[in-house]
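Enquirer: Handing you this structure, nothing more for now.
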Amino acid sequence: MTSEVRVRYAPSPTGHLHIGGARTALFNYLFARHHGGKFIVRIEDTDIERNIEAGELSQLENLKWLGIDYDESVDIGGPYGPYRQMERLDLYTKYGQEVLESGNAYKCFCTSDELEAERETQKSAGIAAPMYGGKCRNLSTEEVAEKEAAGLSHTIRMRVPENATYKFEDLVRGAVSFESKDVGDWVLVKANGIPTYNFAVVIDDHLMKISHVFRGEEHLTNTPKQLMIFDVFGWQYPQFGHMTLIVNEDRKKLSKRDESIIQFISQYKDLGYLPEAMFNFFALLGWSPGGEEEIFTHEELIKMFDESRLSKSPSMFDKQKLTWTNNQYVKKMSLEEVIDFALPHLQDAGLINKEMTESEAAWAHDLIALYQDQLSFGAEIIELSAQFFDHEIEYDEESQAVLAGEQVPEVMASFKEKLETLETFDAPSIKDAIKAVQKETGHKGKNLFMPIRVVTTGQMHGPELQASIALIGKEKSIERVAKYAKQ
């Protein structure tokens, strides 16, 4: 590309970093880094009533946690600041006045009650998309002066050109066009002097020299309004790319009210997902590198990113795919890293003391080691290892079917006897005890191992049996086995 690539992620601090926002930021980041350009984070905080105190911090901290570093923003500055819109109000006022003076906008004195009544009338008439009727469009200079003298507040509205067509080549969707007749005269500046999104975003993108805009397809209908402002000032359009929707497993548009999917990056962080895995997963959520490989490093994704391979179809948020991806990264960690990663979840759940003795620490390490290959995310260790903390096991229907086997009392009686005589209660000794039960009773295979596993662990499947029994401990194991041993 001949000119410098400059892209931006521009969140509103009305909430925490959401999975949709994270994907938008990631694709902008990959595009910038692939082309040797700059990635800017701009805070669009003009919706002052909905802003939350920790919204901005959540956006920035979670971007950094994901490995999405940026070149300019509110916390590191840059040559095109300020990077908060509420600190740029003088710029919007200046350009708003210029649009007024050029005749491309006008002052609108309609009250909110009048506008609502107009909308209701249009809806009652069957108009699906009500728009402003233009009551104040042709007020004379004298009429405007009279209303201002009366102290009436006003907004500034765009005088939408008649019979105009707005065309652009979308980097994802191809050729796109809109007709001006489908866009009513819209508000540039609200009565309180704060600009609307579609006005401020154009001024910011131009002054910050944004070359490409990648965003969700829900912004597609905003584009003609923004092109109008670019045209008014004679500014060059950035190249737009509207990414397809993220849908849930029912192929419905992902909503922040959708409780079937965890929505915020901070929640994944708290659950013990790895940032490298999340980065990898989001990169493939609406983009394909080609080929069968699905696990990539940060650097590999930057090198291979190609905006022409952004999907034109909705992207399904596959929860199983995310846990699988995270598991691939967990498997590559050293045991010490996995212990550091999983142990805090057991401690926060009150299952293991935060201040451990040497023997407690050794037991916890052996426990976590059992599940490294199985562990999909940090907090999952709590559910996976429940057998080691539950005093009473509840056997499901499948387990009860195993325990109903006629050989079970004999196997348990023999196994109980062998466990009681063990001086060293470790995995090798328990393995020898199980072999001795096989020799004594003649039962082997599933008839031997499944009852022992179900009785001691309460589970049909799990990690290495003798290692699991060693961690459960001698006293608790014998207690569980005794319930099913023939008297």
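Enquirer: Hey, can you rank 149-155, 339-345 by average C-beta count inside 10 Å, highest first?
Expert: Ranking, from highest mean packing down: 339-345, 149-155.
Enquirer: Which value in Å is the Kirkwood Rh of the stretch 253-386 over different Cα pairs?
Expert: One over the average 1/r among Cα pairs gives 16.5 Å for the stretch 253-386.
Enquirer: Take every Cα-Cα distance within the stretch 1-87, group them into 10 Å bins from 0 onward, and report for each bin the whole-number percent of pairs it holds.
Expert: 18, 51, 27, 4, 0
Enquirer: Please identify every one of the GluC sites (Glu not before Pro) in the stretch 323-392 that sits in a loop by DSSP and has no more than 14 other beta carbons within 10 Å of its own beta carbon.
Expert: Here the sparse-neighbourhood loop sites are 355, 392.
Enquirer: List the equivalent ellipsoid semi-axes of the stretch 1-41 in whole Å, largest first, each obtained as the square root of 5λ for an eigenvalue λ of the Cα gyration tensor.
Expert: After diagonalising the Cα gyration tensor, the semi-axes are 23, 10, 5 Å.
Enquirer: Let me ask something else. Taking the simple approach of a point 7 Å from Cα along Cα-to-Cβ for both residue 179 and residue 436, what is their distance in nm?
Expert: Calculated label separation equals 8.9 nm.
Enquirer: How far, in nm, would the chain grow between residue 464 and residue 407 when pulled straight, counting 0.36 nm per residue and subtracting the alpha carbon separation?
Expert: 18.3 nm
Enquirer: Which whole-number value in Å³ per residue fits the convex hull of the alpha carbons of the stretch 396-473?
Expert: Normalising the Cα hull of the stretch 396-473 by residue number yields 80 Å³.
Enquirer: Using a 1.4 Å probe over the heavy atoms of the protein chains, calculate the carbon and sulfur portion of the accessible area of the stretch 99-191 as a whole percent.
Expert: 49
Enquirer: Note down the nm distance, to one decimal, between modelled labels 7 Å out along Cα→Cβ at residue 128 and at residue 311.
Expert: Once both label points are built, they end up 2.6 nm from each other.
Enquirer: Turning to a different aspect of this structure: Keeping all protein chains in place, calculate the accessible area per residue for the chain (probe 1.4 angstrom), answer in Å².
Expert: The answer is 50 Å² per residue.
Enquirer: Okay, next question. In whole angstrom, how long is each semi-axis of the equivalent ellipsoid of the stretch 340-445, when you take the square root of 5 times every eigenvalue of its Cα gyration tensor and sort them from largest down?
Expert: 31, 18, 12
Enquirer: Hey, could you pull the Cα Rg and Dmax for the chain, both in Å?
Expert: Spelled out, the Cα radius of gyration and Dmax of the chain are 31.6, 109 Å.
Enquirer: Considering only protein heavy atoms and a 1.4 Å probe, what is the carbon-and-sulfur percentage of the accessible area of the stretch 271-417?
Expert: 47
Enquirer: Shifting gears a bit: Relative to the present Cα-Cα distance, how much length would full extension add between residue 336 and residue 143 at 0.36 nm per residue of separation?
Expert: Value of the extension gain: 61.8 nm.
Enquirer: OK, next. Measure nothing fancy, just the Cα-based angle from helix 197-207's long axis to the longest principal axis of the chain, in degrees from 0 to 90, nearest 10.
Expert: 90
Enquirer: Using a 7 Å offset from the Cα along the Cα-to-Cβ direction at both residue 400 and residue 162, what is the distance between the two label points in nm, to one decimal?
Expert: Distance between label points: 7.9 nm.
Enquirer: Which links in 253/332; 135/256; 38/321; 444/483 stretch past 26 Å when you go from one Cα to the other?
Expert: Pairs exceeding the cut-off: 253/332; 135/256; 38/321.
Enquirer: Quote the FRET efficiency, to the nearest 0.05, computed for residue 420 versus residue 321 with a Förster distance R0 of 56 Å and r equal to the Cβ-Cβ distance.
Expert: The value I calculate is 0.75.
Enquirer: Mark the label point 7 Å from the Cα of residue 482 along Cα→Cβ and return the residues of the stretch 399-424 whose backbone N is within less than 19 Å of it.
Expert: What the label zone holds, given the 19 Å backbone N cut-off, is 409-424.
Enquirer: Counting only protein heavy atoms, what percent of the accessible surface of the stretch 1-88 is carbon or sulfur at a 1.4 Å probe?
Expert: In the stretch 1-88, the share of accessible area belonging to carbon and sulfur is 47 percent.
Enquirer: Using a Förster distance of 56 angstrom, determine the FRET efficiency expected from the C-beta separation of residue 121 and residue 383, and round it to 0.05.
Expert: Once rounded, the FRET efficiency stands at 0.50.
Enquirer: Let me ask something additional. Residue by residue through the stretch 60-65, what is 3J(HN,Hα) from phi via Karplus (6.51 cos²θ - 1.76 cosθ + 1.60, θ = phi - 60°)? Round to whole Hz and write x for glycine and proline.
Expert: Coupling constants for the stretch 60-65: 5, 5, 6, 4, 5, 4 Hz.
Enquirer: Enumerate the amide H contacts of residue 287 below 5 Å, restricted to partners 5 or more residues apart or on another chain; note that Pro and chain-start residues carry no placed amide H.
Expert: Excluding prolines and chain starts, which carry no amide H, the hits are 311.
Enquirer: Can you pull out the trypsin sites (Lys or Arg not before Pro) in the stretch 266-318 whose DSSP state is coil and whose Cβ has at most 14 other Cβ atoms within 10 Å?
Expert: Answer in residue order: 312.
Enquirer: Can you compute the helix-only [θ] at 222 nm over the chain? Use -39500 (n - 2.57) per DSSP H run of at least 4 residues, normalise by all residues, nearest 500 deg cm²/dmol.
Expert: -13500 deg cm²/dmol
Enquirer: So which cysteines in the chain don't have a second cysteine's C-beta under 4.7 Å from them?
Expert: So far as the 4.7 Å Cβ criterion goes, 110 stand without a partner in the chain.
Enquirer: To the nearest 10 Å², what's residue 266's accessible area with a 1.4 Å probe?
Expert: Accessible area of residue 266: about 40 Å².
Enquirer: Shifting gears a bit: Calculate the all-directions average of the projected area of the stretch 182-231's alpha-carbon convex hull, and give it in nm².
Expert: Over every viewing direction, the Cα hull of the stretch 182-231 projects on average to 4.2 nm².
Enquirer: Rg to Rh for the stretch 107-247: what is it, with Cα atoms only and Rh by Kirkwood?
Expert: Reported Rg/Rh (Cα atoms, Kirkwood Rh): 1.00.
Enquirer: Find which of 457, 372, 443 sits farthest along the positive direction of the dipole of the stretch 369-476, computed with +1 on the beta-carbon of Lys and Arg, -1 on that of Asp and Glu, about the Cα centre.
Expert: 443
Enquirer: If you don't mind, another one. Relative to the longest principal axis of the C-alpha atoms of the chain, give the angle of the C-alpha long axis of helix 358-370, reported between 0 and 90° and rounded to the nearest 10°.
Expert: 70
Enquirer: Further, regarding this structure: Between residue 253 and residue 354, what is 0.36 nm times their sequence separation minus the Cα-Cα distance? Round to one decimal in nm.
Expert: 32.1 nm
Enquirer: Something else now. Under the Kirkwood approximation applied to all pairs of distinct alpha-carbon atoms, what is the hydrodynamic radius of the stretch 102-168 in Å?
Expert: 13.7
Enquirer: Using the Karplus curve 6.51 cos²θ - 1.76 cosθ + 1.60 with θ = phi - 60°, what ³J(HN,Hα) values do you get for each residue of the stretch 97-105, in whole Hz, with x for Gly and Pro?
Expert: Using θ = phi - 60°, the values come out as 5, 5, 5, 4, 5, 7, x, 7, 8 Hz.
The values are calculated or read from the model by the stated rules, or taken from the named source; none is laboratory data. Keep in mind that this is a model prediction, so the values were computed, not measured. Don't worry about glycine lacking a Cβ; one is built from the backbone with ideal geometry, like all the others, and counts go over all protein chains shown. In case anyone asks, the SASA skips ligands and DNA or RNA and just uses the protein heavy atoms, side chains included. Shrake-Rupley method; radii C 1.70, N 1.55, O 1.52, S 1.80 Å.
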